[in-house]
Amino acid sequence: MKRRQLLGGLGVALLSPFSGSSFGQYVLPPGQVRLVFNENPYGPSPKAIAAVNDVVALSAYYPDSPTDFPILDDLTKAIAQRHGLASENLLVSSGSNEALQAAILAYGDKGKILVPGLTYDAHLHYAKQLGVDIISVPLRSDLQIDLDAMSAIVDDTVSLVYLANPNNPTGLPIDTAALRQFCRRVGKRTLVIVDEAYNELATSPSDQSMVDLVRDNQNVLITRTFSKIFGMAGMRVGYALGQPETIAKVSNTLMAWPNGIGLTAAYHSYLDEEFIAFSRQKILEGRAMVNATLQRSGVTPVPSQTNFVFADIGIESTEFVARMADRNVLIRGGYAGYPSHIRISMGKLEDLNIFDRVFSEVYAASS
């Protein structure tokens, strides 16, 4: 998407509640069903778009002035208050990925990074380019993260442990009690990052979160994003929660000014409980549809608690994904160590009806 197209779309009034159909003149290619990046096509919140219309003219200025963009303080206070924390426990970043990359810059030169063998890895590729050693621990046979094996590896040479909860691409949450115990034990030796990008879609978001460990002064850094349930992937806003000294250290390595337009949208989205509930319901409906599609073809989906579904289709996935793309339906595949697995994001319900038909036809022809 070209920058001027995105800004142009942000200045357009919302045509109907919860439509999220286009950004100004930018639309998806005709007929394309985009189920590949774990986006929420129902966002952003109508209240967020309305608020953006009022401030888009300020895009000419850097959003570093409290006079011009007080929204950063408003957003920080709103997030901190909801989690029972102080503003010093929080940083706002350009998507949660920037916070993850900043943590790598802050801690990566002190030692290795310990990660599950199959997980979200955009920031890990960044770490490798910086020359940071990555230690990968294979998942268990049930696709769960092996906390015991990871704990046994942690020593003084490990500077960071990264966990996604729920994990991506499996969609599986980590057992809450086991994860909390892991964080307390391992946090005595090294910083534990828990990526909660999909927390709002978990079965019990509050109970499954590790934010309580921040309140308890544990050595953890929790990252969240506005790219998923809030439907703001293109606006690049995320945040991290941790101890003040950790937040200060990571903040020093952030690489971008905040996005003033994104901050405005994030603040109003964060307070829009109606839209959040709407998004969650649509995503749950979509997930049930995808699960049903897979099951009708004899494929057993992994029980996801996210806005995507992971499944072993029993055939080589890269070629299958290419055949789906030939039919204008985009999904993911080709995971190292999992050559027959695919991942399907939740699109709009009408897109998932198309997925149902195309998947069934392509799979029948491929089996």
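The values are calculated or read from the model by the stated rules, or taken from the named source; none is laboratory data. Everything numeric in this text was worked out from a predicted model, so none of it was measured. For neighbour counting, all protein chains shown are included, and Cβ atoms are generated from backbone atoms with ideal geometry for every residue, glycine included. All accessible areas refer to the heavy atoms of the entire protein, side chains included, with ligands and DNA or RNA removed. Shrake-Rupley method; radii C 1.70, N 1.55, O 1.52, S 1.80 Å.
Quick notes on this one:
- Against the numbered list (1) within 25 Å of Gly337 (Cβ to Cβ); (2) in contact (Cβ under 8 Å) with a residue 60 or more places away in the chain; (3) among the polar types (S, T, N, Q), Thr119 comes up short only at (2).
- Failed item, numbered, when Leu201 is tested on (1) open to solvent by 10 Å² or more (accessible area, probe 1.4 Å); (2) in contact (Cβ under 8 Å) with a residue 12 or more places away in the chain: (1)
- Qualifying residue in region 55-63 (condition: more than 19 Å from the chain's Cα centre (by Cα), surrounded by fewer than 14 Cβ atoms within 10 Å (Cβ to Cβ), in a loop (DSSP other than H, G, I, E, B) and at pLDDT 95 or above): no
- Scan of region 208-219 for residues that are outside any helix (DSSP H, G or I), of a type outside the set (S, T, N, Q) and touching a Leu at 6+ places or on another chain (Cβ under 9 Å), ordered by number: Met210
- Residue list for region 110-159, filter: closer than 24 Å to Gln181 by Cβ and in a helix (DSSP H, G or I): Leu147, Asp148, Ala149, Met150, Ser151, Ala152, Ile153
- Only one entry in Val186, Val211 is farther than 18 Å from Ile79 by Cα, open to solvent by less than 10 Å² (accessible area, probe 1.4 Å), β-branched (Val, Ile, Thr) and touching a strand residue (DSSP E or B) at 6+ places or on another chain (Cβ under 6 Å), namely Val186.
- Residues of region 76-105 classified as under 19 Å from Phe37 (Cα atoms) and hydroxyl-bearing (Ser, Thr, Tyr), total: 2
- In region 326-340, residue least open to solvent (accessible area, probe 1.4 Å) [restricted to those that are in a loop (DSSP other than H, G, I, E, B) and over 19 Å from Ser141 (Cα atoms)]: Ile331
- Restricting region 89-104 to residues that are touching a Phe, Trp or Tyr at 6+ places or on another chain (Cβ under 9 Å) and part of a helix (DSSP H, G or I), the residue that is modelled with the lowest pLDDT: Gly95
- Within region 70-88, considering residues that are in a helix (DSSP H, G or I) and within 18 Å of Ser206 (Cα to Cα), the one nearest to the chain's Cα centre (by Cα): Ile79
- Among the residues of region 230-247, those that are in a helix (DSSP H, G or I), in contact (Cβ under 8 Å) with a residue 24 or more places away in the chain and out of contact with any Phe, Trp or Tyr (no Cβ under 8 Å at 6 or more places or on another chain) comprise Pro244, Thr246, Ile247.
- Hits in region 177-207 - residues which are in a helix (DSSP H, G or I) and over 16 Å from the mean Cα position of the chain (by Cα): Ala177, Ala178, Leu179, Arg180, Gln181, Phe182, Cys183, Arg184, Arg185, Val186, Ser206, Asp207
- Verdict on Ala164 being touching a helix residue (DSSP H, G or I) at 6+ places or on another chain (Cβ under 6 Å) and of a type outside the set (Val, Ile, Thr): no
- Residues of region 346-361 that are open to solvent by 10 Å² or more (accessible area, probe 1.4 Å) and either acidic (Asp, Glu) or in contact (Cβ under 8 Å) with a residue 40 or more places away in the chain (or both): Lys348, Leu349, Glu350, Asp351, Asn353, Ile354, Asp356, Ser360, Glu361.
- Residue within region 221-229 that is out of contact with any Ser or Thr (no Cβ under 6 Å at 6 or more places or on another chain), closer than 25 Å to His268 by Cα, in a helix (DSSP H, G or I) and modelled with pLDDT of 95 or more present: no
- Among the residues listed as Arg287, Arg343, Arg323, the single one being open to solvent by 60 Å² or more (accessible area, probe 1.4 Å), not β-branched (Val, Ile, Thr) and not in a loop (DSSP other than H, G, I, E, B): Arg323
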